[in-house]
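A short worksheet on the structure shown next.
Read the figures in this text as sums done on the coordinates, not as results from a lab. Given the structure is predicted, the values throughout are model-derived calculations rather than measurements. Backbone-built Cβ (ideal geometry, glycine too); neighbour counts: all protein chains shown.
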Amino acid sequence: MAETPGWTFLTNHTHVLVCLAQNEDITLREVAAQVGITERAVHAIVSALEKDGVLTRTREGQRNRYKINRAYRLRHPLESHRKVGDLLDLVDRG
C-alpha cells in the first residue's frame, strides 16, 4: 500500500463501506489490509454500521457476507439529502 498523507477526504467508515460494497464476501482482515487500519478497528466500524442499519451481516458457513443498505441517508446535515448508495456510486472504482 502506498504511503498516505496525514489526512484523507473520506473517513475509515467510508473506506470500509467501499471495500464491503465491492466484495460482499471479503474478510475483515482483507478490509483492514486495504484500508490500512487494524482488524479490530474494522470490526468496530462494521458493528457500528450494522447497529445503525447501514449494512447487514449474514453468516454463511464460516464466513460473513455483507449487504449495504444503499437507501440509508447520510447522517451529517450537509449531506443528509444523499444516500449511502450515492456516496458509493461516487467513489466506485469499478
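Can you give me the three principal axis dimensions of the chain from its C-alpha atoms, in Å, biggest first?
Computed over the chain, the largest-to-smallest principal extents equal 39, 32, 26 Å.
Which whole-number percentage describes the relative contact order of the chain, with Cα contacts under 8 Å and a sequence gap of 6 or more?
23 percent.
Roughly what would the spin-label model give for Phe9 and Arg70, points 7 Å off Cα along C-beta, in nm?
2.2
At what distance in nm do the modelled label points of Glu30 and Leu90 sit from each other, each positioned 7 Å from its Cα along Cα→Cβ?
For Glu30 paired with Leu90, the spin-label model returns 2.7 nm.
Trypsin sites (Lys or Arg not before Pro) within the stretch 1-80: which are DSSP loop residues with at most 12 other Cβ atoms inside 10 Å?
Here the sparse-neighbourhood loop sites are Arg75.
Starting from the amide H of Lys83, placed 1.01 Å from N in the peptide plane, find each other amide H under 5 Å away whose residue is 5 or more places distant or on another chain.
Those lying under 5 Å, H to H, from Lys83 are Leu74.
Describe numerically, in nm with one decimal, the distance between label points set 7 Å from Cα along Cα→Cβ at His43 and at Thr56.
Label at His43, label at Thr56, 2.4 nm between them.
Would you kindly derive the ³J(HN,Hα) couplings of the stretch 6-13 from the backbone phi angles with the Karplus curve 6.51 cos²θ - 1.76 cosθ + 1.60 (θ = phi - 60°), listing them in order in whole Hz, with x for Gly and Pro?
Taking θ as phi minus 60°, the curve returns x, 8, 9, 6, 10, 7, 4, 4 Hz for the stretch 6-13.
Which chymotrypsin sites (Phe, Trp or Tyr not before Pro) in the stretch 7-94 pass both tests, a DSSP loop state and at most 11 other beta-carbon atoms within 10 Å?
Filter output for the stretch 7-94: Trp7, Phe9.
Just how large is the dipole of the stretch 12-91 about the Cα centre, in debye to the nearest 20, putting +1 at every Lys and Arg Cβ and -1 at every Asp and Glu Cβ?
220
Among Leu55, Ala41, Val84, whose Cα lies farthest out toward the positive end of the dipole of the chain, if unit charges sit on the beta carbon of Lys, Arg (+1) and Asp, Glu (-1)?
The Cα lying farthest towards the positive end belongs to Leu55.
When the chain is treated as a GNM, springs tying every alpha-carbon pair under 10 Å, which of Glu50, Glu79, Glu30 comes out with the largest mean-square fluctuation?
Ranking Glu50, Glu79, Glu30 by mean-square fluctuation puts Glu79 first.
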